[in-house]
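Everything below concerns the one structure shown next.
The values are calculated or read from the model by the stated rules, or taken from the named source; none is laboratory data. Quick caveat: nothing in here was measured; it's all calculated off a predicted structure. So basically every Cβ, Gly included, is an ideal-geometry build from the backbone, and we count neighbours across all protein chains shown.
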Amino acid sequence: MELAKTTWTYVEEYLKRSQTLIIPIGSTEQHGPTALIGTDYITATKIAQEVGENLGLLVAPSLNYGMANHHLGFPGSASLNPSTYIKVHLELLEGWISQGFKNFVYINGHGGNIMPLNCAISELKRSDNESKVSIFNWWHLPSVREYEEKHFGDENGHHATCGEVSLTMFTEPEAFKQIESKSFKIEPKSHHWPLSPKEMKIYHPDGRMLSNPGLSTAKHGENLLELSVNEISEKIKSF
Ligand SMILES: [Zn+2]
């Protein structure tokens, strides 16, 4: 059930049987010339909504902006600084905790969010409160990794990956009608990290990072969605 499509009275009743809230988080950032700027929140939102349906849990609206400073050189990308991102999560969590929510399950679609989100949780847990927070970076799930390794191998890459692009091809077929798919050559590069926006454009001029999204298909996306939803649902049930 989507939190945004319920009423406060529904949530009050829900809290009597469950104190769990699923929170999808992503980013609004370029994903190379052949994939969507909303990729990271589109994937996280879809997985979160299906997990919520599976388990009868409430799903918060996705946080569609993330920590993506290195993408700012590409038009359309948006980013919150780590310090802002930490504050946003702390303030959202503190509000929900004050109402009785205790268990928070983040479903994350963007690597840049991991570090500041972990910082936010560390700050939250500085005080003795009963809240429990778990984070699922869906592309790190063992079943997803195994699938991507088998079907995409080294061409999956680190950004605008075959896996995430496939998932959006499955959920957003209309958007992909406007985009011509093409194959890319992978050119391995070593560099320091993190990169500034200017450095990102020097090392990864078209925005991909070692990926060949030309291998992506909606069918792979459907399979990856199912694997992610099943694995995350099983893990939540075992908590
Ligand atoms: Zn992404």
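Evaluate the range 47-57: report whether one residue or more is touching a strand residue (DSSP E or B) at 6+ places or on another chain (Cβ under 7 Å), modelled with pLDDT of 95 or more and not in a helix (DSSP H, G or I). Walk me through how you get there before you give the answer.
Let us first name the residues in the range 47-57 that are touching a strand residue (DSSP E or B) at 6+ places or on another chain (Cβ under 7 Å), namely 47-49, 51-52, 57.
Applying the additional criterion that residues be modelled with pLDDT of 95 or more yields 47-49, 51-52, 57.
If we keep only those that are not in a helix (DSSP H, G or I) too, we end up with 57.
There is at least one residue in the range 47-57 that is touching a strand residue (DSSP E or B) at 6+ places or on another chain (Cβ under 7 Å), modelled with pLDDT of 95 or more and not in a helix (DSSP H, G or I).
For the range 1-17, which residues satisfy the criterion of being over 19 Å from S62 (Cβ atoms) and either touching a helix residue (DSSP H, G or I) at 6+ places or on another chain (Cβ under 8 Å) or not in a helix (DSSP H, G or I) (or both)?
Hits for the range 1-17 are T7, L15.
In the range 140-153, which residues are exposed (fewer than 14 other Cβ atoms within 10 Å of the Cβ) and either within 17 Å of A218 (Cα to Cα) or more than 16 Å from the ligand (Cβ to nearest atom) (or both)?
We begin by selecting, within the range 140-153, every residue exposed (fewer than 14 other Cβ atoms within 10 Å of the Cβ); these are 140, 142, 146, 149-150, 153.
P142, E146, E149, K150, G153 - these are the residues of the range 140-153 that are exposed (fewer than 14 other Cβ atoms within 10 Å of the Cβ) and either within 17 Å of A218 (Cα to Cα) or more than 16 Å from the ligand (Cβ to nearest atom) (or both).
Does the range 81-129 hold any residues that are among the β-branched types (V, I, T) and over 19 Å from the mean Cα position of the chain (by Cα), and which are they? Quick ask: steps written out before the conclusion?
From the range 81-129, those among the β-branched types (V, I, T) are 84, 86, 88, 97, 105, 107, 114, 121; that's our starting set.
Answer for the range 81-129, where residues must be among the β-branched types (V, I, T) and over 19 Å from the mean Cα position of the chain (by Cα): just I97.
Give me the pairs, please: first residue somewhere in the range 28-44 and under 13 Å from A175 (Cα atoms), second residue anywhere and near the ligand (Cβ under 8 Å from one of its atoms) and part of a helix (DSSP H, G or I), beta-carbon distance under 7 Å, and either six or more positions apart or on two chains.
Close Cβ pairs (under 7 Å, with a partner that is near the ligand (Cβ under 8 Å from one of its atoms) and part of a helix (DSSP H, G or I)) amount to T39/E164.
Just give me the residues in the range 70-97 being surrounded by 16 or more Cβ atoms within 10 Å (Cβ to Cβ) and assigned to a loop (DSSP other than H, G, I, E, B), in sequence order.
Once the filter is applied, which keeps residues that are surrounded by 16 or more Cβ atoms within 10 Å (Cβ to Cβ) and assigned to a loop (DSSP other than H, G, I, E, B), the range 70-97 yields L72, G73, F74, S77, S79, L80.
State which residue is nearest to the ligand (Cβ to nearest atom) when the search covers only the range 98-130 and only residues that are of a type in the set (V, I, T) and in a helix (DSSP H, G or I). Please lay out each step first, then the result.
First, the residues of the range 98-130 that are of a type in the set (V, I, T): 105, 107, 114, 121.
After this cut, where a residue has to be in a helix (DSSP H, G or I) as well, the list is 114, 121.
On the way: I114: 12, I121: 21 Å.
Among those residues, the one meeting the criterion is I114.
With the checklist (1) within 29 Å of L210 (Cβ to Cβ); (2) of a type in the set (A, V, I, L, M); (3) outside any loop (DSSP other than H, G, I, E, B) in hand, flag the one item A35 doesn't pass.
It fails just one condition, (3).
I need the full set of residues from the range 42-67 which are within 12 Å of the ligand (Cβ to nearest atom) and buried (at least 24 other Cβ atoms within 10 Å of the Cβ), in order please.
Step one: filter the range 42-67 for residues within 12 Å of the ligand (Cβ to nearest atom), giving 42-44, 66.
Within the range 42-67, T43, A44, G66 qualify.
Out of all the residues in the range 12-22, is one or more of a type in the set (A, V, I, L, M, F, W, C), surrounded by fewer than 21 Cβ atoms within 10 Å (Cβ to Cβ) and out of contact with any strand residue (DSSP E or B) (no Cβ under 7 Å at 6 or more places or on another chain)?
Our first condition is that a residue be of a type in the set (A, V, I, L, M, F, W, C); within the range 12-22, this holds for 15, 21-22.
Among the residues that remain, those that are also surrounded by fewer than 21 Cβ atoms within 10 Å (Cβ to Cβ) are: 15.
Within this subset, residues satisfying the condition of being out of contact with any strand residue (DSSP E or B) (no Cβ under 7 Å at 6 or more places or on another chain) are 15.
Looking for residues that are of a type in the set (A, V, I, L, M, F, W, C), surrounded by fewer than 21 Cβ atoms within 10 Å (Cβ to Cβ) and out of contact with any strand residue (DSSP E or B) (no Cβ under 7 Å at 6 or more places or on another chain), one finds at least one in the range 12-22, hence yes.
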